[in-house]
Amino acid sequence: MTATEHTPPPAGGRPEEPAQPAEPAARTPLPGLGFLREPGKLFILALTVLRAIFRRPFQFREFVEQFWFIASVTILPAALVSIPFGAVIALQVGSLASQISAQSFTGAASVLVNIQQASPLIVALLISGAAGSAICADLGSRTIREELDAMEVMGVSPIQRLVVPRVLATVCVAFLLNGMVSVVGTLGGYFFNVVLQDGTPGAYLASFSALAQLPDLYISEIKAIIFGFIAGIVASYRGLNPRGGPKGVGDAVNQSVVITFLLLFFVNMVLTGIYLQLVPPKGA
């Protein structure tokens with residue numbers, strides 16, 4: 001047989017086909033991983049925003065506009081909420097202190113609760129409910145109109161251009177607003193304790209100065225910064241990932257507020273536990 005001749009076909013009349021490689025078996029995802037997908041994407045967005053903060057160019061104009069908008073919609077509600085909140089704390093603590101004959105510690109207890117716990121939570125809840133919902137709706141509407149896809153096609157990062165200024169604005173407003181809420185809540189608690197419960201002004205201030213310390217103010221501001229960052233990140237994430245068209249944007253707004261509330265209370269518990277373990281009480 002020469003080199004140009006072909007081998008005859010088999011008895012069936014058809015040439016043998018080469019064997020196909022076996023296809024790899026499809027990987028089945030582990031149960032429970034779907035639950036971790038959304039928190040993982042949220043965490044990745046938070047890391048991306050933290051890295052993008054230090055990149056240039058920084059959208060200063062967008063930052064100023066968002067800062068002014070968030071401050072304008074949260075200053076008055078925060079002041080109005082902090083007064084009754086501080087009053088309720090002062091009245092409840094004063095009533096309990098009178099029952100155990102510890103009226104001299106009313107000022108310290110009410111003011112410390114107001115500064116460490118009430119003020120950061122009030123600020124974060126108002127920012128999430130008022131500003132966070134607006135941020136989520138704005139980004140969600142841009143997403144369903146495919147504006148963000150167009151920005152990526154033009155080489156503009158939506159994270160750098162839109163998300164970073166909004167998150168920084170929420171953090172700065174939360175930091176500054178926390179001081180105002182602390183002062184207003186403390187004054188409201190002082191007024192209601194002294195006027196309605198016949199407390200002694202000197203004892204109220206003396207107990208506060210005897211037990212309060214600067215780390216109490218530091219942890220309050222740290223909480224405000226972290227809570228503002230969480231509110232901005234959650235609102236931005238839900239706005240960037242709406243589902244179901246315009247109706248999905250409304251659902252994303254509701255989800256962002258609920259998720260932020262849950263995260264805030266959990267993170268507040270963790271930070272409070274760490275603070276109480278690391279910072280000894282004054283006079284201990």
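With respect to G179, determine if the residue is surrounded by 22 or more Cβ atoms within 10 Å (Cβ to Cβ), in a helix (DSSP H, G or I) and more than 16 Å from the chain's Cα centre (by Cα). Against the criterion (surrounded by 22 or more Cβ atoms within 10 Å (Cβ to Cβ), in a helix (DSSP H, G or I) and more than 16 Å from the chain's Cα centre (by Cα)), G179 does not qualify. Pairs are defined by a Cβ separation below 6 Å, a sequence spacing of at least 6 or placement on different chains, a first member in the stretch 169-185 that is under 11 Å from S82 (Cα atoms), and a second member that is of a type in the set (G, A, S) and surrounded by fewer than 21 Cβ atoms within 10 Å (Cβ to Cβ); the pairs so defined are V184/A79. Taken together, the residues in the stretch 237-256 that are under 15 Å from the mean Cα position of the chain (by Cα) and open to solvent by 30 Å² or more (accessible area, probe 1.4 Å) amount to 2. Those helices (runs of 4 or more DSSP H) of the stretch 191-284 in which at least 1 residues are in contact with an Asp or Glu (Cβ under 8 Å, 6 or more places away or on another chain) and at pLDDT below 90, considering only elements entirely within it, cover 214-240. Taking the listed residues V49, V81, V64, the one that is farther than 20 Å from L240 by Cα and modelled with pLDDT of 90 or more is V64, with no other qualifying. If the condition is being touching a Lys or Arg at 6+ places or on another chain (Cβ under 7 Å), in contact (Cβ under 8 Å) with a residue 60 or more places away in the chain and of a type in the set (A, V, I, L, M, F, W, C), then the stretch 232-271 contributes only A252.
Set side by side, the residues I159, I127 differ, and just one is in a helix (DSSP H, G or I) and either among the hydroxyl-bearing types (S, T, Y) or crowded, with 24+ Cβ neighbours inside 10 Å (or both), which is I127. Scanning the stretch 71-116 for residues that are within 19 Å of V181 (Cβ to Cβ), hydrophobic (A, V, I, L, M, F, W, C) and either surrounded by fewer than 19 Cβ atoms within 10 Å (Cβ to Cβ) or out of contact with any Ser or Thr (no Cβ under 6 Å at 6 or more places or on another chain) (or both) yields a count of 16.
The values are calculated or read from the model by the stated rules, or taken from the named source; none is laboratory data. Values in this document were obtained by computation on a predicted structure and should not be read as measured data. Because the Cβ atoms are built from the backbone with ideal geometry, glycine has one as well, and the counts that use them run over all protein chains shown. With ligands, DNA and RNA removed, areas are computed over all heavy atoms of the protein, side chains included. Shrake-Rupley method; radii C 1.70, N 1.55, O 1.52, S 1.80 Å.
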